[in-house]
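Read the structure below first, then the notes.
The values are calculated or read from the model by the stated rules, or taken from the named source; none is laboratory data. From a predicted model like this one, the values you see are computed outputs, not experimental measurements. Methodologically, a virtual Cβ is constructed for each residue, glycine included, from the backbone with ideal geometry; neighbour enumeration extends over all protein chains shown. Just the protein is used for accessible areas: all its heavy atoms, side chains included, with ligands, DNA and RNA removed. Shrake-Rupley method; radii C 1.70, N 1.55, O 1.52, S 1.80 Å.
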Amino acid sequence: MKRFIFFLLAIRYTAFGQTPNTTANPVDLAPKSDFRYSLFTELGVTVASTSVPIIRSFFRNNQIKPDVHIDPMLNLGFGTRYARFKAMLQAGYGINLIYPFNQEATAIARQTDARYGGMMVGYDVANARNRRLYINAGLGNISYEYSIYRRTNQVVTFQDVLQSNQSGTIPSLQLRNTYLDLNLEYTQREKRKQGAETVLRLGYRRAVHAKAWESDAFQITDAPTDRISQFYIQGTYYFSSNYTKSSKR
């Protein structure tokens, strides 16, 4: 027991006798970057879970097999940041819209177009050394288009295909909505005059009003109305030019 007490006392005096190592303190860290404003271009991919409930109900009631509701989209944006505020224009276009479908289904609803475009403003509510966390709100337009057809064993020569008249087909079924957008954005803080930063957004879009489905092929009366909504995740790269490094805000 005495040996144990002496051992503890020896550790105590050794610890108190040590000189603090000042090199372990983060005194050499560079100050937080503070560029007053930025211009940037962004390029990335959006994956959205899209809801158009009325037209999908129409598909189910008529034994029509639609594409899956998960939409990958290519995203392009241009914008500017001043202090902690940001504004940008965004556009997205659907990619890889052809999905495997049930080979036994005879009636198919194929998504042929998906796109959106609008503007967004934001404020970084968390302004750390290496990251920014924005709350963004936006307004824009979104559109979807389907082609409905039936698979048959009918043989048609190519020269006669324009004269064939198959029942149960709709060559063009379109919906255009004005949407509101709310999202959280987690991005790297700009560190150089010219830089590339990663961005991750989690958001929700919803149409302001329900609108009737339309067609480019003919005029439709008494068409069902729908209201597009989307939950989405978006990953992009900022390519930024940063200016006027000023004193700390």
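Some points to look at:
- Qualifying residue in region 175-185 (condition: touching a residue at least 40 places away in the same chain (Cβ under 8 Å), farther than 30 Å from residue 33 by Cβ and touching a Phe, Trp or Tyr at 6+ places or on another chain (Cβ under 7 Å)): yes
- Counted residues, region 73-101 - those being of a type outside the set (Val, Ile, Thr) and within 13 Å of residue 144 (Cα to Cα): 5
- Filtered residues of region 41-91 (kept if touching a Phe, Trp or Tyr at 6+ places or on another chain (Cβ under 8 Å), charged (D, E, K, R) and not in a strand (DSSP E or B)): 67, 84
Let's see how each residue does on (1) more than 26 Å from residue 231 (Cβ to Cβ); (2) modelled with pLDDT under 95:
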| site | (1), (2) |
| --- | --- |
| 17 | yes, yes |
| 20 | yes, yes |
| 24 | yes, yes |
| 37 | yes, yes |
| 58 | no, yes |
| 71 | no, yes |
| 77 | no, no |
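- Boolean, residue 199 is loosely packed, with under 12 Cβ neighbours inside 10 Å, within 23 Å of the chain's Cα centre (by Cα) and of a type in the set (A, V, I, L, M): no
- Residues that are closer than 21 Å to residue 200 by Cβ and open to solvent by less than 70 Å² (accessible area, probe 1.4 Å) are absent from region 147-167 altogether.
- Selection of region 60-69 for residues being open to solvent by 70 Å² or more (accessible area, probe 1.4 Å) and more than 14 Å from residue 230 (Cα to Cα) yields 60, 61, 63, 65.
- Residue in region 155-169 that is over 30 Å from residue 53 (Cα atoms), in contact (Cβ under 8 Å) with a residue 24 or more places away in the chain, part of a loop (DSSP other than H, G, I, E, B) and out of contact with any strand residue (DSSP E or B) (no Cβ under 6 Å at 6 or more places or on another chain) present: no
- Flag for residue 170 being modelled with pLDDT of 95 or more and of a type in the set (Val, Ile, Thr): no
- Count of region 213-234 residues which are over 26 Å from residue 46 (Cα atoms) and either surrounded by fewer than 14 Cβ atoms within 10 Å (Cβ to Cβ) or in contact with a helix residue (DSSP H, G or I) (Cβ under 6 Å, 6 or more places away or on another chain) (or both): 7
- Meets criteria (assigned to a strand (DSSP E or B), under 21 Å from residue 91 (Cβ atoms), of a type in the set (Ser, Thr, Tyr) and open to solvent by 70 Å² or more (accessible area, probe 1.4 Å)) for residue 237: yes
- Hits in region 211-234 - residues which are in a strand (DSSP E or B) and of a type in the set (Asp, Glu): 214, 226
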